[in-house]
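Down below is the structure, laid out as structure tokens.
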Amino acid sequence: MRLSIHKQADPEDKQKETVILLHGLLGRARNLGMLQRALSPFFNTIAFDLRSHGDSPHGLLDYHVMAKDVLETMDQLNISKASLIGHSMGGKVAMAVALTAPEHVNKLCVADISPAQALHGSKEIIQTISSLLLPSLKTRTEIRQFLVSVLGKEDMADLVGQNINPGDPAYWTIGLKEITQSLNIIENWPDSFFAHQWNGPTLFLRGELSPYIQPKHHPLIHKLFPKADIVTLPGTNHWLHVEKPDEFNSLVLDFLKNHSES
């Protein structure tokens with residue numbers, strides 16, 4: 001599947017390494033915009049909309065298929081090798097690409113997710129929004145107000161709201177049906193990946209207050225990624241790139257710049 005992209009700088013500029021950014025569940029390419037802007041003076045940066053998200057085609061999700069989507073899109077963009085950065089679900093996709101197609105990956109950076117089952121509220125949110133009948137919502141403000149009343153959290157309303165277009169009635173742009181059907185797969189991690197290993201430079205960034213990377217996950221990380229460094233960003237939860245963008249961006253940039261291309 002050819003994925004929709006948002007790029008900064010020219011991927012044909014061979015003087016710069018290409019970095020691909022992959023968003024999380026219910027997100028889209030622009031969610032990593034602050035990081036993309038911080039990296040773009042030094043790298044060709046391309047953010048992908050993963051399948052059933054953003055402007056990409058809809059389809060059922062699993063990590064083998066989503067890794068193939070990334071590789072097919074790279075091929076169509078004439079990118080033979082890139083560094084990968086992924087947050088949450090996008091981090092799992094990035095791991096899947098590195099494990100199954102290591103020859104196409106320079107460096108790997110995973111933000112607040114581990115190669116393990118993750119059960120921390122996504123199912124409840126998806127179930128809630130998939131049952132919604134969207135009313136007439138003619139502005140972004142009306143969409144936000146409606147979702148705050150339903151979800152009770154402004155940050156979650158902002159995340160979900162980017163997937164609704166105003167209208168009478170408003171309508172979803174995301175592949176909500178496909179995501180709902182794939183949710184058990186998204187929350188898990190395939191055992192088949194443990195037959196592989198990525199031996200390149202790897203950074204796992206975890207939010208100090210987040211449950212997604214715990215000490216029990218460290219052996220799994222190092223089994224699959226022997227060269228992985230696990231770094232904690234103090235005072236942050238799962239959305240560490242939004243909560244402390246300057247610190248997050250600096251850690252990612254230092255990692256990318258301090259490891260030569262493999």
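Across the range 76-129, Cα pairs under 8 Å and at least six residues apart give a relative contact order of 37 percent. Of A157, A195, A67, the residue with the greatest mean-square motion in the GNM of the chain, using alpha carbon springs below 10 Å, is A195.
Ignoring ligands, DNA and RNA, what percent of the accessible area of the range 1-147 is carbon or sulfur (1.4 Å)? Looking at the range 1-147 in its full context, I get 50 percent from C and S. Each of D55 and K216 was given a label point 7 Å from its Cα along the Cα-to-Cβ line. The distance between the two points is 4.3 nm. If you add up the charges near F248, with Lys and Arg at +1 and Asp and Glu at -1, over every other residue whose beta carbon is less than 14 angstrom from its beta carbon, what do you get? After counting each charged neighbour, the total is -3. Couplings 3J(HN,Hα) of the range 130-144, computed from phi: 5, 8, 6, 9, 6, x, 5, 9, 9, 9, 4, 5, 5, 4, 5 Hz, in residue order, whole Hz [Karplus 6.51 cos²θ - 1.76 cosθ + 1.60, θ = phi - 60°; x for Gly and Pro].
Normalised by the number of residues in the chain, the mean separation of alpha-carbon contacts (under 8 Å, six or more apart) gives a relative contact order of 19 percent. Estimated from helices alone, the mean residue ellipticity of the chain at 222 nm is -10500 deg cm²/dmol (sum of -39500 (n - 2.57) over DSSP H runs with n ≥ 4, per residue).
You can think of it this way: the chain between L209 and H196 has 1.7 nm of extra reach, that is 0.36 nm per residue less the Cα-Cα gap. Working note: Karplus 6.51/-1.76/1.60 with θ = phi - 60° gives the range 180-195 the couplings 4, 5, 9, 4, 4, 5, 4, 6, 9, 9, x, 4, 4, 5, 6, 7 Hz, where Gly and Pro are set to x.
For the range 1-146, taking the reciprocal of the average inverse distance between every pair of different Cα atoms yields a Kirkwood hydrodynamic radius of 16.1 Å. Across K153, K177, K223, mean-square fluctuation computed from a Gaussian network of the chain (C-alpha pairs under 10 Å connected) peaks at K153. Prolate is the label for the range 113-258. Its Cα gyration tensor axes, ordered a ≥ b ≥ c, give a/c of at least 1.5 and a/b above b/c.
The values are calculated or read from the model by the stated rules, or taken from the named source; none is laboratory data. Everything numeric in this text was worked out from a predicted model, so none of it was measured. Don't worry about glycine lacking a Cβ; one is built from the backbone with ideal geometry, like all the others, and counts go over all protein chains shown. In case anyone asks, the SASA skips ligands and DNA or RNA and just uses the protein heavy atoms, side chains included. Shrake-Rupley method; radii C 1.70, N 1.55, O 1.52, S 1.80 Å.
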